[in-house]
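Working notes, beginning with the structure itself.
Here, each number is a calculation from the coordinates, and none is a lab measurement. This one's a predicted model, so the numbers in the text were calculated from it and none came from an experiment. We place every Cβ from the backbone using ideal geometry, glycine too, and count neighbours over all the protein chains shown.
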Amino acid sequence: MLELLKSYPGNLKVNGREFENVFQAIQAFGGYQGKLVIELNTKSAPPPWEEEVEESKETEYVIKVKRYMTRPGSPSFDFMDKWNNGVPMPMRVMVGKKLKETRGMVKMELRGEIVQKVNPVCMKCGRTLTNPVSQYFGIGPECGGHNYISPFETDAELQQAIRETRKQLQSVTWTGWVIKSAIEEQKIWEG
């Protein structure tokens, strides 16, 4: 009887014993001549709209999302209210891991991060940065509340400020669902 199920991909229970696949069951009951009680799909799998991500959970990504992912829900766009408890992403550019994935969405655990030595766009709002200090921090003067005039006497002072900013950015965390079509850029984080 078990030979008929060779192409079955899931787990099963035969006469009360659990098996990860049909081949394990065939080995255990190969010459058995009695009654077989076979139960398929004995372990609860996540629903198809909430499948675990196949890739390594240690892989981290840098993502840049469209601006609407950083805005609260509204009558015309209630995604944040329905899927993220009304909490929008704090920044457009963030780094983190995929937790779950569906056909149209991905649940991610994200944090702020300085993603490159010189950032051409503001990580908060996505506007183009032209000032070297803003490019180092990755945040423009409006979003970061700083001047266009470099307040640093030496490069060492600037590097110390960058380390402090990185710490502050890393404390900004968010976990939630991201619409796949809202992801403008995605690449593996090299750290």
Kirkwood hydrodynamic radius (C-alpha pairs) into Stokes-Einstein, the chain, 25 °C and 0.890 mPa s, D in µm²/s: 121
Checked against a 26 Å limit on the C-alpha separation, the offending pairs among K6/K180; K82/K167; K117/K167; K13/K107; K13/K98; K13/K97 are K6/K180; K82/K167; K13/K107; K13/K98; K13/K97
Relative to the present Cα-Cα distance, how much length would full extension add between Q33 and F152 at 0.36 nm per residue of separation? 34.5 nm
Rank by packing, highest mean first: peptides 17-25, 91-99, with packing defined as the count of other Cβ atoms within 10 Å averaged across residues. 91-99, 17-25
Relative to the compact-globule scaling 2.2 N^0.38 Å, provide the ratio for the alpha-carbon radius of gyration of the stretch 119-163. 1.07
222 nm mean residue ellipticity, helices alone, for the chain (DSSP H n ≥ 4; -39,500 (n - 2.57); rounded to 500): -5000 deg cm²/dmol
The stretch 69-143: mean projected area of Cα convex hull, nm²: 5.9
In the stretch 119-191, taking the dipole from +1 charges on Lys and Arg beta carbons and -1 charges on Asp and Glu beta carbons about the Cα centre, the listed residue (Q135, V121, V172) farthest towards the positive end is V172
Taking 0.36 nm per intervening residue step and subtracting the Cα-Cα distance, what contour gain separates R103 from R166 on full extension? 19.4 nm
